[in-house]
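These notes concern the structure reproduced below.
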Amino acid sequence: MENLNRKVRVRFAPSPTGPLHIGGVRTALYNYLFARQHGGELIFRIEDTDSTRLVPGAEDYIIESFKWLGIKFDEGVGFGGNHGPYRQSERRDIYKKYVRQLLDAGRAYIAFDTPEELDAKRSEVENFQYDASTRLGMRNSLTMPKEEVDRLMAEGKQYVVRFLIEPGREIVVDDIIRGEVRVSSSILDDKVLYKSADQLPTYHLANIVDDHLMEVTHVIRGEEWLPSAPLHVLLYEAFGWTDTMPRFAHLPLLLKPIGNGKLSKRDGDKLGFPVFPLEWHDPKSGTVSSGYREKGYLPEAVVNFLALLGWNPGNDQELMTLDEMVGLFDLSKCSKNGAKFDYIKAAWFNHQYLIRQPDEKWVPAFDRILRENGIETTPEKEAEVVRMMKLKVIEYTDGQGNKRKRNISFASDLWPLCKFFFVAPEAIDKEDKFVRKNWKEGTAEEITSLMEVIEGIEDFSAEGQKSVVDAWAEQTGMRPWNAWRICLVGAGQGPDMYELSSFLGKEETLRRMQRAKEILS
Ligand code: GLU
């Protein structure tokens with residue numbers, strides 16, 4: 001059962017029923033890390049046997065998400081490989097053979113109960129379950145003569161194939177993260193494995209058959225699949241594949257940032273963070289859900305942040321490249337307990353990655369926001385603003401309405417802090433604390449005097465100005481630095497004054513000083 005002598009093969013097997021949830025991204029990431037560190041292979045399989053739940057565009061969305069995130073698959077839909085096809089809807093004939101095998105071995109049976117008949121039973125019997133205690137009272141190949149079964153099938157009557165589960169057995173799921181999980185087979189129902197209506201297997205059968213045929217050695221997936229695992233163990237046994245059964249690892253849930261329970265899209269909407277990697281346009285409702293990419297996250301930051309939801313390297317290291325994670329990751333050290341989704345921390349990670357990249361890399365995103373606000377300027381100017389402002393702090397209101405501060409974490413954070421670089425302050429609030437404190441009697445005269453000095457400066461670089469203005473301040477004893485800031489920024493914020501005036505240029509600097517005097521005198 002250790003599978004030590006087999007080449008590690010893992011799979012990420014989403015159902016294309018909508019956009020990929022961020023929890024699914026983490027599952028794929030852990031599979032990726034595990035495959036890489038064992039020199040194994042990662043398969044991308046599409047589980048699309050439930051045709052009623054398919055959503056157009058979802059498959060492409062999932063593929064594009066991983067492309068953006070830099071998580072690469074070795075084989076699967078869109079990647080090739082010699083265990084295909086990798087889309088379950090293209091494997092109908094394969095599954096039929098295995099359904100037949102279970103029927104022939106007496107491990108499964110055919111049932112003709114209609115949905116109406118099943119509903120009637122449910123309202124008649126409390127907690128009705130199709131199992132050993134009830135199956136002999138139902139319309140199936142265990143209770144009907146063979147001729148009748150054959151006749152109904154020949155007539156084209158719809159049927160399902162159910163897995164025959166013997167009660168009273170202890171099933172052991174050997175989970176890398178959770179240890180041995182023991183479940184009695186008596187609580188399981190005779191799950192539907194195949195439906196004649198669409199000639200497709202259900203998730204359970206297709207999943208097991210494919211994991212077997214694709215030589216999967218480890219099934220790493222979300223905790224929500226743990227309840228299916230005992231059934232899967234029984235299926236491996238029924239097929240006679242116990243020796244090559246994959247090892248299971250059920251990952252901890254992602255939990256709400258505030259309160260209890262599973263992270264949901266609602267939490268993201270309420271607190272203002274995405275739960276999807278990319279923006280998603282729902283084809284039916286037309287609603288748009290935000291994505292990490294469009295919000296301004298760097299893929300490296302998303303991957304790093306997600307990796308630490310449920311695992312950590314056992315020291316204080318938080319910033320890790322994908323390659324470093326491959327070296328450090330340890331599936332067996334994953335937590336059993338759910339991981340709170342700390343979206344503030346997500347922004348912190350993005351800040352860390354943003355400030356480590358060259359200023360020019362911010363430009364495309366910053367430029368987009370500037371254009372949205374009617375500003376057209378040069379990439380050089382934009383990069384310069386980034387250099388001056390990227391380490392500033394912004395205020396925001398958290399999910400509970402408290403004012404808080406955080407680092408600049410997105411290019412979009414820059415705009416409210418940087419508007420004055422591009423637009424002269426329209427009005428200056430005379431009642432503002434900083435303005436009241438720093439614009440007093442006599443300030444206008446000092447500004448006039450400073451304007452005269454500035455007029456005469458030839459080298460208008462920050463250093464060039466500094467030497468001249470410092471000498472003037474030394475000589476006259478005037479130090480109208482805060483008032484100067486009020487002129488250029490309109491408030492008590494912004495970068496170094498010489499850097500700012502040099503960015504604005506002499507003409508604009510003087511114009512703003514003149515204007516402030518008019519407004520405030
Ligand atoms: N198709 C399932 C999903 O959507 C796969 C579960 C599994 O990994 O076994 O997550």
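All of the numbers you see were taken from the coordinates with simple rules; none came from a lab. Since the structure is predicted, the reported quantities are computational estimates derived from the model, not experimental observations. Methodologically, a virtual Cβ is constructed for each residue, glycine included, from the backbone with ideal geometry; neighbour enumeration extends over all protein chains shown.
Okay, here's what the table says:
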quantity: Using a Förster distance of 35 Å, the FRET efficiency for Asp60-Arg387 (Cβ separation, nearest 0.05); calculated: 0.40
quantity: Antiparallel bridge percentage (DSSP; both residues within the chain; nearest 5); calculated: 60
quantity: Mean ellipticity per residue at 222 nm, deg cm²/dmol - from DSSP H runs of n ≥ 4 across the chain, formula -39500 (n - 2.57); calculated: -12500 deg cm²/dmol
quantity: Projected label distance in nm at Arg356 and Arg53, using a 7 Å step from Cα toward the beta-carbon; calculated: 3.7
quantity: Extension gain, Lys262 back to Val326 (0.36 nm per residue minus Cα-Cα distance, nm); calculated: 20.3 nm
quantity: Within-14-Å neighbourhood charge of Ala473 [Cβ basis; K, R +1; D, E -1]; calculated: -2
quantity: Computed E for Arg182/Glu224 - FRET, C-beta separation, R0 25 angstrom, nearest 0.05; calculated: 0.80
quantity: When each of Lys437/Lys466; Lys7/Lys345; Lys97/Lys265 is checked by Cα-Cα distance, pairs over 29 Å; calculated: Lys7/Lys345; Lys97/Lys265
quantity: Region 264-294 residues near the modelled Ser89 label - backbone nitrogen below 11 Å, point 7 Å along Cα→Cβ; calculated: none
quantity: Order by protection proxy (mean Cβ within 10 Å, highest first), peptides 96-107, 403-414, 206-217; calculated: 206-217, 403-414, 96-107
quantity: Cα-projected label distance for Asp459 with Asn82, points at 7 Å along beta-carbon direction, nm; calculated: 7.0
quantity: Distance in nm between pseudo-label sites at Glu166 and Leu319 (7 Å out along the Cβ direction from Cα); calculated: 5.9
quantity: Separation between Cα centres of region 286-351 and region 439-506, rounded to whole Å; calculated: 45
quantity: Separation of alpha-carbon centers, region 173-209 and region 50-77, rounded to whole Å; calculated: 24
quantity: Cross-link reach list, aspartates and glutamates versus Lys262, counting only Cα pairs under 15 Å and skipping chain neighbours closer than eight places; calculated: Glu223, Glu224, Asp342
quantity: Charge tally in the Cβ shell below 13 Å around Gln158, where Lys, Arg are +1 and Asp, Glu are -1, Gln158 excluded; calculated: -2
quantity: Aspartates and glutamates with Cα under 15 Å of Lys146, excluding same-chain neighbours fewer than 8 positions away; calculated: Asp104, Glu155
quantity: Mean Cβ count within 10 Å, highest first, over the residues of peptides 443-451, 8-16, 272-280; calculated: 8-16, 272-280, 443-451
quantity: Cα-Cα pairs of the chain separated by more than 30 Å (percent); calculated: 61
quantity: Ordering of 319-325, 125-131 by packing [mean C-beta count within 10 Å, highest first]; calculated: 319-325, 125-131
quantity: Nearby lysines by direct alpha-carbon distance to Lys440 (threshold 23 angstrom, same-chain neighbours under 8 apart not counted); calculated: Lys430, Lys517
quantity: Region 388-511, Cα convex hull volume normalised per residue, Å³; calculated: 124
quantity: Sites Lys284 and Trp241 - FRET efficiency at Förster radius 51 Å, r taken between beta-carbons, to 0.05; calculated: 0.85
